[in-house]
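Some notes on the structure that comes next.
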Amino acid sequence: MPVFKVCMRIIKHNLPALGIYLAIFLGISVLYATNMNQEVDPNFSQSKIPMAIMSQDDTPFTEGLKEHLSGVARFVDLEDDKEAIQDALYFREVVYILRIPQGFTDDFLNDDYQMLEKTVIEDASNTYYIDLALDQYLNTARLYVGIESMDATQLADTVLGDLEEEIEVVVTTTASNQSVMAFMVQYFNYLGYGLFSILILGVSFTMFLLHDVDVKNRNASSPIPKGRIVREHIFANVTFAFAALTFFLIALFVLGVREFTIPMLLFVLNAIVFTLCALGISFVIGTLVKSKAAIHAVANVVALGLSFLSGVFVPQFLLSDTVLKVASFSPVYWYVRANEYIGQMTEVSPDRLVIPLQGMGIQLIFAIMFLSIALVIGKRKWGLKNI
Amino acid sequence: MYGHILKYRLMCLTKDKDNMFWILIFPIVLSTLLYAALSNIGNQELFHQIPLALVAEEEESEEVTRLMNATDLVEFQMMDQTEAQASLENEELIGYVLMDEEMKFVVQTKGMEQSIVRLFLNHYRQTVGTVENIMRNHPEQMGSVVNRLETRQVFTTPVSAARAKLDPMLIFFFALIAMTCMYGAYLGLREAVDIQANLSDLAARINIAPIHKMKTFFYSISAAVIIQVLIISVLLAYLQFVLKINLGDRSVLIYLTSVLGSVLGVMAGAFIGTVLKTSENMKNAIVTIFSLGGAYLAGLMNFSTKYTVAENVPILTVLNPVNLLADAYYALYMFDSLERYWMNIMYMIGFIILFFLGTYMNVRRRKYASI
């Protein structure tokens, strides 16, 4: 299989260029994998928000307030400097900064209330969350202040005692591990970008070289039939595509995901269908590019562009409707959509399979369409008939 | 002579399609994509009323009415349990409250909205407990307690955080503009290659001409700076007028910073082109790592990277010219005081001087015995 071998040699020669994409992809994946929590926690745990308290009134009552807030907040040490505070807020290292003024407890016990200053991100859910907890502690204390005479310690103890009571929370989904699933969705979404970039580069490199006029003339004079050249070329690209996909799947295994569940199978199936589709697009690009430098430009713009618009980097629910409508004309959108639905699958039932399978079906149609376009352009432009 | 060389260098640089793509088209495409992908990101953290179902046998009971009117944070709908469970599974609701003998909160997953609702329900239950507690010991205070319950005190007052909106999307664009300025390094590199006789045929020809080498170099570098300034102007205009991104109200300073950034980018390229003794491809790769890697550390791909780097490896914020630029834009946007901005500018000027001296030392009086 001389053509096949040549294609493989071209790809091998260009491995450093492909390696950059592999390295970026693996780097990001390792980063996400380290955040993955393999343990399944069946109990409900309250979300905790990064918060800073700057207190000039350290009393048992304000300590009690901090204790109550520790159920909803993770305290961050922050320098009391205007720019440091603005920096931390902007980058969401802390989202709620509370200042307790001097004499707050004494005034409170005398039924006189000083205001607490809060520096927050306006209208954010986090702000309402902390406000709710803060308000409950202080308003509960206020109920006692007018009625019983207590010192700061007694008041804090009484209020904290009252606030211990909790309602029962029933979590219906404990079977699947949300953290692993979230990682898988992210991994397979990123895989879409990594695989797409690598396929465009790899396939375009081989097509660009084999369609060089001199090489084409040389091949035309060889005793290999034209059909076989085309078949071997396609076979080489398909082999390359699936080798790349296998590499990504092995990487997933190495990163610690070793579950062989139905959602996992669906993720892999979706990735296989997407590989075919990306291959089709790469064929079209390969027949259209005119210079080697342009291959890099096209790979970046097409892969990065479609990935951005289709929700590979930013989840689809965060994208605006207009962007999603535009994106629905690209197979990446359907690939990501299928991944997100598979990731949310708490149980496997026929109606939950509809959307992922629909996504895969649309990708297959895209794949056939792109492959046909590539063949038509290839025949016209490069005169495959006459090779 | 200046006009002649300048004209031809401008033509050479603008006809280099590869460079033009990466310096001009790529940032515009990337900014459009970032804008499309991120324009909704600020809304994600905004609070929206939480839809919740209430499942109770007696829908008209006093407790149900009291609970439904207890907060604006939640939007209650009455449902039967089967309907509520189905809505929960279809993710139309984040959960439902079951008013059995004991109140229960049923959810499918954990998250911020679930946590808010749980906190509210806990507080609802706790307040009932507190009132019962007080009533047991001080039944005579009933009126006072009811009065205090009805007039819940607000204890906090918001203080303004910064001079402008804390829009997380901007950090990506600051890094992008900074990266584009640094892409000027490709032009600087091209100029450096084109005046060193051992690196290109064109340079060998130019070196024979009876004109001072530093003059030629200065003329070519000025062509690179002119193009880079034009490119950055196009990008800024595109961000401001087409994508309508508010980069802050200090437009003049933003523009001047970008001009300085362009000079920095071009000089960095010239420095890499003259000081390093390696192939042109390798030098191009170094420029890419220098600008793209720098932009990554300045927050181009992940919003929190810039802060994490500043907190953990502060020296990198000063050694990374892309970050100096991005931080200058950020300081202009965020802070009333310009102290941090000027600090960044001083470091940038320091880098420009360093790159110029490095380039000058390497280019001057270079003679070639044989090429």
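What are the residues in the range A:325-336 that are surrounded by 17 or more Cβ atoms within 10 Å (Cβ to Cβ) and free of Cβ contacts under 8 Å to residues at least 24 places away in the same chain, if any?
Selection gives A:ALA327 alone.
Say we look at the range A:292-307 and pick out the residues that are touching a residue at least 12 places away in the same chain (Cβ under 8 Å) and either of a type in the set (S, T, N, Q) or touching a Phe, Trp or Tyr at 6+ places or on another chain (Cβ under 8 Å) (or both); which of these is nearest to A:ILE10 (Cα to Cα)? Break it down into steps so the answer makes sense when it comes.
Step one: list which residues in the range A:292-307 are touching a residue at least 12 places away in the same chain (Cβ under 8 Å), which gives A:292, A:295-296, A:298-300, A:302-304, A:306-307.
The next check asks that each one be either of a type in the set (S, T, N, Q) or touching a Phe, Trp or Tyr at 6+ places or on another chain (Cβ under 8 Å) (or both); those that pass are A:292, A:295, A:300, A:302-304, A:306-307.
Values: A:LYS292: 13, A:ILE295: 14, A:ASN300: 20, A:VAL302: 22, A:ALA303: 21, A:LEU304: 24, A:LEU306: 27, A:SER307: 27 Å.
Among those residues, the one meeting the criterion is A:LYS292.
To keep it simple, each residue is scored yes or no on (1) within 8 Å of chain B (Cβ to nearest Cβ); (2) of a type outside the set (A, V, I, L, M, F, W, C); (3) in contact with a strand residue (DSSP E or B) (Cβ under 8 Å, 6 or more places away or on another chain).
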{"position": "A:VAL94", "(1), (2), (3)": "no, no, yes"}
{"position": "A:ILE97", "(1), (2), (3)": "no, no, yes"}
{"position": "A:ASP106", "(1), (2), (3)": "no, yes, no"}
{"position": "A:GLU122", "(1), (2), (3)": "yes, yes, yes"}
{"position": "A:TYR129", "(1), (2), (3)": "yes, yes, yes"}
{"position": "A:LEU132", "(1), (2), (3)": "yes, no, no"}
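Please find, within the range B:92-103, the residue that is nearest to the chain's Cα centre (by Cα) out of those that are within 9 Å of chain A (Cβ to nearest Cβ) and closer than 15 Å to A:VAL171 by Cβ.
Taking the range B:92-103 and keeping what is within 9 Å of chain A (Cβ to nearest Cβ), we get B:95, B:97-98, B:102-103.
Those left that are additionally closer than 15 Å to A:VAL171 by Cβ: B:95, B:97-98.
Numbers: B:GLY95: 34, B:VAL97: 40, B:LEU98: 44 Å.
My answer is B:GLY95.
If the requirement is being out of contact with any Ser or Thr (no Cβ under 7 Å at 6 or more places or on another chain) and either surrounded by fewer than 22 Cβ atoms within 10 Å (Cβ to Cβ) or not in a helix (DSSP H, G or I) (or both), which of these qualifies: A:ASN270, A:ASN217? Working first, answer last.
Working: A:ASN270 fails: either surrounded by fewer than 22 Cβ atoms within 10 Å (Cβ to Cβ) or not in a helix (DSSP H, G or I) (or both).
Residue meeting the stated conditions: A:ASN217.
Condition test on A:LEU138, is it surrounded by 16 or more Cβ atoms within 10 Å (Cβ to Cβ) and within 12 Å of chain B (Cβ to nearest Cβ)?
Numbers: surrounded by 16 or more Cβ atoms within 10 Å (Cβ to Cβ): yes; within 12 Å of chain B (Cβ to nearest Cβ): yes.
Yes.
Select from the range B:261-279 the residues that are among the aliphatic types (A, V, I, L, M) and buried (at least 18 other Cβ atoms within 10 Å of the Cβ) and write down the one among them that is farthest from B:VAL225 (Cα to Cα).
Step one: of the range B:261-279, the residues among the aliphatic types (A, V, I, L, M) are B:263-264, B:266-268, B:270, B:272, B:275-276.
Of the ones still in play, those that are also buried (at least 18 other Cβ atoms within 10 Å of the Cβ) are B:263-264, B:266-268, B:270, B:272.
Numbers: B:VAL263: 6, B:LEU264: 9, B:VAL266: 6, B:MET267: 9, B:ALA268: 12, B:ALA270: 11, B:ILE272: 16 Å.
Here the residue is B:ILE272.
Return only the number of the condition from (1) more than 10 Å from every other protein chain (Cβ to nearest Cβ); (2) part of a helix (DSSP H, G or I) that A:SER149 does not satisfy.
(2)
Take B:ALA70 and tell me if it is free of Cβ contacts under 8 Å to residues at least 12 places away in the same chain and either crowded, with 20+ Cβ neighbours inside 10 Å or in a loop (DSSP other than H, G, I, E, B) (or both).
no
When the range A:310-347 is examined, which residues are found to be part of a helix (DSSP H, G or I) and in contact with a Pro (Cβ under 7 Å, 6 or more places away or on another chain)?
The answer is A:ALA338, A:TYR341, A:ILE342.
Could you list, in sequence order, the residues of the range B:305-337 that are touching a Lys or Arg at 6+ places or on another chain (Cβ under 9 Å), farther than 20 Å from B:CYS181 by Cα and hydrophobic (A, V, I, L, M, F, W, C)? Can you show your working first?
Of the range B:305-337, the ones touching a Lys or Arg at 6+ places or on another chain (Cβ under 9 Å) are B:307, B:317, B:323, B:326-328, B:330-337.
With the extra rule that they be farther than 20 Å from B:CYS181 by Cα, the set shrinks to B:307, B:334-337.
Once the filter is applied, which keeps residues that are touching a Lys or Arg at 6+ places or on another chain (Cβ under 9 Å), farther than 20 Å from B:CYS181 by Cα and hydrophobic (A, V, I, L, M, F, W, C), the range B:305-337 yields B:MET334, B:PHE335.
Kindly indicate whether B:LEU243 is over 18 Å from B:ILE349 (Cα atoms), surrounded by 17 or more Cβ atoms within 10 Å (Cβ to Cβ) and within 19 Å of the chain's Cα centre (by Cα).
Criteria not met by B:LEU243.
Of all residues in the range B:200-227, which are aliphatic (A, V, I, L, M) and touching a residue at least 60 places away in the same chain (Cβ under 8 Å)?
B:ALA204, B:ILE211, B:MET214, B:ALA223, B:ALA224, B:ILE226, B:ILE227, listed by residue number.
State whether one or more residues within the range B:144-163 are among the charged types (D, E, K, R), more than 30 Å from B:LEU24 (Cα to Cα), out of contact with any Ser or Thr (no Cβ under 7 Å at 6 or more places or on another chain) and not in a loop (DSSP other than H, G, I, E, B).
Yes, that holds for at least one residue.
If I ask for residues that are among the aliphatic types (A, V, I, L, M) and either assigned to a strand (DSSP E or B) or within 19 Å of A:ARG142 (Cβ to Cβ) (or both), which ones from the range B:96-137 would you list?
B:VAL97, B:LEU98, B:MET99, B:MET103, B:VAL106, B:VAL107, B:LEU119, B:VAL128, B:VAL131, B:ILE134, B:MET135
Take the residues in the range B:104-137 that are facing chain A (nearest Cβ under 7 Å) and among the basic types (Lys, Arg), then tell me which one is nearest to A:GLY71 (Cα to Cα).
Here the answer is B:ARG118.
Could you pull out the residue among A:GLY286, A:GLY343 that is over 19 Å from the mean Cα position of the chain (by Cα) and more than 10 Å from every other protein chain (Cβ to nearest Cβ)? Steps first, please.
Working: A:GLY343 fails: over 19 Å from the mean Cα position of the chain (by Cα).
Result: A:GLY286 is the single residue among A:GLY286, A:GLY343 that is over 19 Å from the mean Cα position of the chain (by Cα) and more than 10 Å from every other protein chain (Cβ to nearest Cβ).
How many residues are of a type in the set (Ser, Thr, Tyr) and over 16 Å from B:PHE47 (Cβ atoms) when one looks only at the range A:125-140? Let's see the steps before the verdict.
Quick first cut of the range A:125-140, residues of a type in the set (Ser, Thr, Tyr) only: A:125, A:127-129, A:137, A:140.
With the extra rule that they be over 16 Å from B:PHE47 (Cβ atoms), the set shrinks to A:137, A:140.
So the answer is 2.
Based on this model, can you work out whether B:GLU140 counts as touching a strand residue (DSSP E or B) at 6+ places or on another chain (Cβ under 6 Å), assigned to a helix (DSSP H, G or I) and either within 7 Å of another protein chain (Cβ to nearest Cβ) or of a type outside the set (Val, Ile, Thr) (or both)?
For B:GLU140, the condition - touching a strand residue (DSSP E or B) at 6+ places or on another chain (Cβ under 6 Å), assigned to a helix (DSSP H, G or I) and either within 7 Å of another protein chain (Cβ to nearest Cβ) or of a type outside the set (Val, Ile, Thr) (or both) - is not met.
Coordinate-derived values only; no laboratory data. Just so we're clear, the structure is a prediction, and the values are computed from it rather than from any experiment. With ideal geometry, Cβ positions are generated from the backbone for all residues, glycine too; neighbour counts draw on all protein chains shown.
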